[in-house]
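The values are calculated or read from the model by the stated rules, or taken from the named source; none is laboratory data. All figures in this text were calculated on a predicted structure; none of them were measured in a lab. Here the Cβ is made from the backbone with ideal geometry for all residues, glycine too, and neighbour counts use every protein chain on show.
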Amino acid sequence: MEEQELDPDFADRFHRERRPPCQLYLISPQALVPGFEDRLRAALDAAPVAAFQLRLKGIDDHAIARAAEPLQKICADHDTAFIINDSISLAKRLGADGVHLGQDDGDPRDARVILGKDVQIGVTCHNSRHLAMEAGEAGADYVAFGAFYPTGTKQVEHFAEPEILSWWSTLFPLPSVAIGGITPQNAAPLVSAGADFIAVSSAVWNASAGEAAAVRAFSPILAGSARET
């Protein structure tokens with residue numbers, strides 16, 4: 001599929017007229033501490049959160065499954081999609097709403113066969129238009145671009161520019177997720193560029209004012225992305 005360059009004015013008009021408002025996509029800390037269930041509940045009570053991704057590294061699936069059970073119920077109570085990071089088999093075991101796959105975590109086609117048509121499948125595409133188009137052709141439900149800013153959550157090898165969000169959202173109906181170092185202070189350009197979801201972690205869990213205040217701080221930025229249909 002050939003890449004295309006877009007006129008910025010056309011892209012901006014398309015975003016305003018065709019795409020729904022951007023939403024918040026919350027990612028867990030890398031490790032959970034006692035009482036995290038209450039913190040998640042407070043975050044989801046504060047303002048609408050479209051999805052919560054459980055992303056735990058360095059522990060086995062059995063431990064993740066035990067941690068997931070109360071968190072999955074909290075998400076269900078708040079109408080927030082519960083997403084498992086990396087593991088198709090664990091997403092199947094838990095009956096998760098979705099799975100997020102890195103480039104080395106499996107093929108979306110295999111995930112679809114295993115998980116079924118109703119489970120959301122997301123794919124990390126870094127800063128690559130080619131990877132995003134491949135993911136779309138493989139049946140992914142969303143593509144994730146980033147990192148857009150420096151982040152301490154993971155080692156960054158690929159930085160993306162906001163223009164990739166405009167390019168993608170103008171050409172393809174498949175939603176995009178912007179990820180990487182996003183805070184209430186720097187999210188607006190990504191929302192304006194056309195991100196359908198803003199993925200955040202440290203900006204919420206490490207916020208000095210607490211997770212509820214941090215989630216609320218994103219609300220006016222996301223509200224500003226409302227577009228006519």
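Could you tell me whether any residue of segment 170-190 is over 22 Å from L44 (Cβ atoms) and touching an Asp or Glu at 6+ places or on another chain (Cβ under 8 Å)?
Yes, some residue in segment 170-190 is over 22 Å from L44 (Cβ atoms) and touching an Asp or Glu at 6+ places or on another chain (Cβ under 8 Å).
Hey, among the residues in segment 206-227 that are assigned to a loop (DSSP other than H, G, I, E, B) and at pLDDT 95 or above, which one's nearest to Q185 (Cα to Cα)?
The initial filter retains those residues of segment 206-227 that are assigned to a loop (DSSP other than H, G, I, E, B), namely 206-210, 224-227.
Of the ones still in play, those that are also at pLDDT 95 or above are 206-210.
On the way: N206: 15, A207: 12, S208: 14, A209: 15, G210: 16 Å.
Looking at residues that are assigned to a loop (DSSP other than H, G, I, E, B) and at pLDDT 95 or above, I get A207.
Looking at (1) in contact with a Lys or Arg (Cβ under 9 Å, 6 or more places away or on another chain); (2) crowded, with 20+ Cβ neighbours inside 10 Å, find the lone condition where T124 falls short.
Of everything listed in (1) in contact with a Lys or Arg (Cβ under 9 Å, 6 or more places away or on another chain); (2) crowded, with 20+ Cβ neighbours inside 10 Å, T124 misses just condition (1).
When D79 is evaluated against the numbered criteria (1) under 20 Å from C22 (Cβ atoms); (2) touching a residue at least 12 places away in the same chain (Cβ under 8 Å), which criterion, by number, is the only one it fails?
For D79, the exception is condition (2).
I'd like to know if segment 160-167 contains one or more residues that are surrounded by fewer than 15 Cβ atoms within 10 Å (Cβ to Cβ) and either in contact (Cβ under 8 Å) with a residue 40 or more places away in the chain or not in a loop (DSSP other than H, G, I, E, B) (or both). It would help to see each step written out before you state the result.
First pass over segment 160-167, keeping only residues surrounded by fewer than 15 Cβ atoms within 10 Å (Cβ to Cβ): 161, 163.
So of that shortlist, the ones also either in contact (Cβ under 8 Å) with a residue 40 or more places away in the chain or not in a loop (DSSP other than H, G, I, E, B) (or both) come out as 163.
Checking segment 160-167: at least one residue is surrounded by fewer than 15 Cβ atoms within 10 Å (Cβ to Cβ) and either in contact (Cβ under 8 Å) with a residue 40 or more places away in the chain or not in a loop (DSSP other than H, G, I, E, B) (or both).
Are any residues in segment 161-180 under 15 Å from the mean Cα position of the chain (by Cα) and aliphatic (A, V, I, L, M), and if so, which ones?
L165, L174, V177, A178, I179
Can you go through A178, A207, A140 and tell me which one is out of contact with any Leu (no Cβ under 9 Å at 6 or more places or on another chain) and among the hydrophobic types (A, V, I, L, M, F, W, C)? Quick ask: steps written out before the conclusion?
On the way: A178 fails: out of contact with any Leu (no Cβ under 9 Å at 6 or more places or on another chain); A140 fails: out of contact with any Leu (no Cβ under 9 Å at 6 or more places or on another chain).
None of the other options fit; the residue is A207.
Just to be sure, is D110 at pLDDT below 95 and not in a strand (DSSP E or B)? Working first, answer last.
Values: at pLDDT below 95: no; not in a strand (DSSP E or B): yes.
Answer is no for this residue.
Testing N206 on (1) surrounded by fewer than 23 Cβ atoms within 10 Å (Cβ to Cβ); (2) under 14 Å from the mean Cα position of the chain (by Cα), one condition comes back false. Which one is that?
It fails just one condition, (2).
Specify the residue that is surrounded by the most Cβ atoms within 10 Å (Cβ to Cβ); the eligible residues are those in segment 184-193 that are in contact (Cβ under 8 Å) with a residue 24 or more places away in the chain and more than 13 Å from L222 (Cβ to Cβ).
In this case the residue turns out to be A193.
Could you tell me whether any residue of segment 183-203 is on the phi < 0 side of the Ramachandran plot and touching a Gly at 6+ places or on another chain (Cβ under 6 Å)? Show your work before the answer.
First pass over segment 183-203, keeping only residues on the phi < 0 side of the Ramachandran plot: 183-193, 195-203.
In the following step, the residues that additionally are touching a Gly at 6+ places or on another chain (Cβ under 6 Å) were identified as none.
So far as segment 183-203 goes, no, none of its residues is on the phi < 0 side of the Ramachandran plot and touching a Gly at 6+ places or on another chain (Cβ under 6 Å).
One line per residue, one yes/no per condition, for (1) under 26 Å from C125 (Cβ atoms); (2) among the aliphatic types (A, V, I, L, M):
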| position | (1), (2) |
| --- | --- |
| V49 | yes, yes |
| L56 | yes, yes |
| I64 | yes, yes |
| A67 | no, yes |
| C75 | yes, no |
| A81 | yes, yes |
| N85 | yes, no |
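Is it the case that some residue within segment 183-190 is part of a loop (DSSP other than H, G, I, E, B), small (G, A, S), in contact with a helix residue (DSSP H, G or I) (Cβ under 6 Å, 6 or more places away or on another chain) and over 14 Å from A132 (Cβ atoms)? Step through it out loud before you land on a result.
First, pick out the residues of segment 183-190 that are part of a loop (DSSP other than H, G, I, E, B): 183-187.
Those left that are additionally small (G, A, S): 187.
Going one step further and asking which of them are in contact with a helix residue (DSSP H, G or I) (Cβ under 6 Å, 6 or more places away or on another chain), we end up with 187.
So of that shortlist, the ones also over 14 Å from A132 (Cβ atoms) come out as 187.
Within segment 183-190, one or more residues are part of a loop (DSSP other than H, G, I, E, B), small (G, A, S), in contact with a helix residue (DSSP H, G or I) (Cβ under 6 Å, 6 or more places away or on another chain) and over 14 Å from A132 (Cβ atoms).
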